[in-house]
């Protein structure tokens, strides 16, 4: 993956934003084009939004491109173009939440911050056999505690990346390759024989049905 060769905060940030809700194979050509057009944060900040959206065209979820553009301008204007390395600063940037901030800090700055993307959630839920819906606040809070507790003080970025890779390549949503998993001997879901039953999805709310009457009153 092209972003693996450069651990600069800018490249880590762009790749993490692109990878939100998008598969790696889809992201790669867009990432290469984006970096060709906007090789650094100043180039992105001074580009017109229309050009940024053009580079993003076809990748979907266009608010991500707008947030990248807004954040680049804020970093140039408020941080003199130097990517912030404090969590409190990162979390104020448009489009950056707790998990993305953790990814940037651990991968680019080697700081001990956890990441909780979809792949890591699945790994942890199966490993600890958490049988509550994945979308519940209590489940998410527990997962953050687990992720923080596991994080090593040395090379936290490598650890986070390994967990993400484990979820992407081995601990798959369907037909997980449990026989090749380095955590298999301790994974409670695997030992219990039901890894594919987890995570438990948050039940969808029933779409309400309303009966309504409309009338048009015309003079005459």
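For segment 86-196, which fully contained helices (runs of 4 or more DSSP H) count at least 1 residues that are in contact (Cβ under 8 Å) with a residue 40 or more places away in the chain, out of contact with any strand residue (DSSP E or B) (no Cβ under 8 Å at 6 or more places or on another chain) and over 21 Å from residue 17 (Cβ atoms)? Let's see the steps before the verdict.
Details: elements: 87-90, 98-109, 118-128, 137-150, 156-169, 188-192.
In segment 86-196, 118-128, 156-169, 188-192 are the helices (runs of 4 or more DSSP H) which contain 1 or more residues that are in contact (Cβ under 8 Å) with a residue 40 or more places away in the chain, out of contact with any strand residue (DSSP E or B) (no Cβ under 8 Å at 6 or more places or on another chain) and over 21 Å from residue 17 (Cβ atoms).
Restricting to segment 130-143, and then to whatever is crowded, with 17+ Cβ neighbours inside 10 Å and in contact with a helix residue (DSSP H, G or I) (Cβ under 7 Å, 6 or more places away or on another chain), can you tell me which residue is farthest from residue 193 (Cα to Cα)? Spell out the reasoning first.
Filtering segment 130-143 for residues crowded, with 17+ Cβ neighbours inside 10 Å gives 130, 134, 139, 143.
After this cut, where a residue has to be in contact with a helix residue (DSSP H, G or I) (Cβ under 7 Å, 6 or more places away or on another chain) as well, the list is 130, 134, 143.
Values: 130: 14, 134: 19, 143: 22 Å.
Ranking the candidates gives 143 first.
Checking residue 46 against (1) under 21 Å from residue 107 (Cα atoms); (2) modelled with pLDDT of 95 or more, which single condition isn't satisfied?
Going through the list (1) under 21 Å from residue 107 (Cα atoms); (2) modelled with pLDDT of 95 or more, residue 46 breaks only (1).
Just to verify a result, which residue in segment 144-159, among those that are modelled with pLDDT of 95 or more and under 15 Å from the mean Cα position of the chain (by Cα), is surrounded by the most Cβ atoms within 10 Å (Cβ to Cβ)?
Here the answer is 147.
Within segment 1-45, how many residues turn out to be in a helix (DSSP H, G or I) and touching a residue at least 12 places away in the same chain (Cβ under 8 Å)?
The first filter runs over segment 1-45 and keeps only residues in a helix (DSSP H, G or I), leaving 2-5, 9-18, 24-37, 41-45.
If we keep only those that are touching a residue at least 12 places away in the same chain (Cβ under 8 Å) too, we end up with 2-3, 9-18, 24, 26-28, 30-35, 37, 41-42, 44-45.
Of the residues in segment 1-45, 27 are in a helix (DSSP H, G or I) and touching a residue at least 12 places away in the same chain (Cβ under 8 Å).
The values are calculated or read from the model by the stated rules, or taken from the named source; none is laboratory data. Values in this document were obtained by computation on a predicted structure and should not be read as measured data. Note that each Cβ is placed from the backbone with ideal geometry, even for glycine, and that neighbours are counted across all protein chains shown.
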